[in-house]
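Right, one structure below, let's go through it.
The values are calculated or read from the model by the stated rules, or taken from the named source; none is laboratory data. What you see is a predicted model; the values in this text were computed from it and never measured. Virtual Cβ from ideal backbone geometry, glycine too; neighbours counted across all protein chains shown.
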Amino acid sequence: MVIGVSTANRALSDFWTYFADTGCGEYSPLYDRICRTVAESDDVLDLVREAPPRGHQPNVLLGAVHYLLLAGLDHPLGAVYAGESDADPGALFVDATLTHRDEILHLLATRHTNTNEVGRSAVIGPALTEVAAHLGAPLALVDVGCSAGLNLLCDRYRLDYGPSGATGPIDAAVRVECSVVGGRPPIASTLPRIAARVGIDRDPIDITDEVEATWLLACVWPDTGRLPRTRRALDAARLTPRTLVRGDAVEAVAETVLALPAETIAVVTTTWMLAYLAVEARVAFREALAAASMERPIAWVSAEGPGVVDLFSGIDAYIGPHGMEASVLGLVTFRGGEAEQQLLGFVHPHGAWIDWRS
């Protein structure tokens, strides 16, 4: 607990400190410093509390400031983000936020976390290989909370697991490095054939719109080396057909799955999306998949925080490499309305490492 902030800001301050402790650490020293500075700034926390509740999440303010910089804001923080200055990012972040208060409040009120981290393809890949081993191929992917649908193209990326092997085209423009820190994930030279790619999102990103694409890039953390990779993924997505459906996760998933080609294996993926739903909606999402499985088998690959997927609620994660809390990678197979769950492993939220347990 930060003692210096006002009583009204205590809970929000603690949230920012928790985010630094479990989400940043060694993985993103830049955002770690910024989050801890925000946690001590009544002025910034007061501003955040003026925004709607969904704008209180640290990722939204972090993205808002980054968006202004990417859109051309001339501020010393830009040089820090670019690795060209070693000035204190915390103090500069506070200054950028407060001196551009109106723009920041507008973004907090109109935007939400819309990350499309292609590093997550590195943890989706082995899960898809596992699905195909049990259910067959070709696969039809339905990515719920897809943003721009970049992870629907996971088979087009080079997924490099170091000594454990690699998956995908050797000449791929997008390369993702993922360390295997435990177990032996099923790393194949290529992923199972993907015959259909469909994304569902309440607000899918139109990557032909410069403003939308810039917001997506703004949600990428500047000091993690992921920005150039995301730009290349956007270029690849502009050349690859995929269907993006605007809709609610619970309401749209069953209809979307049942519309997939009959000869395919339906695979639903949720990666760090379910936590944004209320607990009741998470259960309703699972029940929608179970109901749809009365007509066809469905595999659900989830990568979510500990306890988010109720079928894996008894599994405790841990703080892994880079000081970030591990997420749970799970597979649930639905047949005839019945669910069978399988813990696949623990993973870094952005796909930097995988600890395979299946």
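Observations
- Residues within the stretch 293-321 that are buried (at least 16 other Cβ atoms within 10 Å of the Cβ), over 24 Å from Gly136 (Cβ atoms), in contact with a helix residue (DSSP H, G or I) (Cβ under 9 Å, 6 or more places away or on another chain) and not hydrophobic (A, V, I, L, M, F, W, C), tallied: 3
- Residue, farthest from Asp206 (Cα to Cα), within the stretch 93-145, restricted to residues that are β-branched (Val, Ile, Thr) and assigned to a loop (DSSP other than H, G, I, E, B): Thr113
- You will find that of His66, His75, the residue that is of a type outside the set (A, V, I, L, M), outside the structural domain of His348 (by TED's automatic domain parsing) and surrounded by 20 or more Cβ atoms within 10 Å (Cβ to Cβ) is His66 and no other.
- Flag if Thr208 is of a type in the set (S, T, N, Q), in contact (Cβ under 8 Å) with a residue 24 or more places away in the chain and outside any loop (DSSP other than H, G, I, E, B): no
- Criterion (polar (S, T, N, Q), closer than 22 Å to Glu212 by Cα, touching a strand residue (DSSP E or B) at 6+ places or on another chain (Cβ under 8 Å) and surrounded by 24 or more Cβ atoms within 10 Å (Cβ to Cβ)) met by exactly one of Asn116, Asn151: Asn151
- Where Glu50 falls short, out of the listed (1) in contact (Cβ under 8 Å) with a residue 12 or more places away in the chain; (2) surrounded by 19 or more Cβ atoms within 10 Å (Cβ to Cβ): (2)
- Some residue of the stretch 43-53 being under 20 Å from Val5 (Cα atoms), within 23 Å of the chain's Cα centre (by Cα), modelled with pLDDT under 95 and not assigned by TED's automatic domain parsing to the domain that holds Pro321: yes
- Where Glu40 falls short, out of the listed (1) part of a helix (DSSP H, G or I); (2) at pLDDT 95 or above; (3) not aromatic (Phe, Trp, Tyr): (1)
- Boolean, Ser179 is polar (S, T, N, Q), surrounded by fewer than 15 Cβ atoms within 10 Å (Cβ to Cβ) and touching a strand residue (DSSP E or B) at 6+ places or on another chain (Cβ under 8 Å): no
- Of all residues in the stretch 45-72, those satisfying the criterion of being of a type in the set (Gly, Ala, Ser), over 17 Å from Asp95 (Cα atoms) and in a loop (DSSP other than H, G, I, E, B) are Ala51, Ala71.
Yes or no, residue by residue, for (1) part of a strand (DSSP E or B); (2) in contact (Cβ under 8 Å) with a residue 60 or more places away in the chain:
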| residue | (1), (2) |
| --- | --- |
| Cys154 | no, no |
| Ala172 | no, no |
| Arg184 | no, yes |
| Ser189 | no, no |
| Pro192 | no, yes |
| Ala195 | yes, yes |
| Val198 | yes, yes |
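- The stretch 222-259: number of residues that are touching a His at 6+ places or on another chain (Cβ under 8 Å) and buried (at least 20 other Cβ atoms within 10 Å of the Cβ): 2
- Restricting attention to the stretch 322-356, the residues being assigned to a loop (DSSP other than H, G, I, E, B) and either crowded, with 16+ Cβ neighbours inside 10 Å or among the polar types (S, T, N, Q) (or both) number 7.
- Residue within the stretch 103-110 that is in contact with a Pro (Cβ under 8 Å, 6 or more places away or on another chain), surrounded by 19 or more Cβ atoms within 10 Å (Cβ to Cβ), touching a residue at least 12 places away in the same chain (Cβ under 8 Å) and closer than 28 Å to Ser327 by Cβ present: yes
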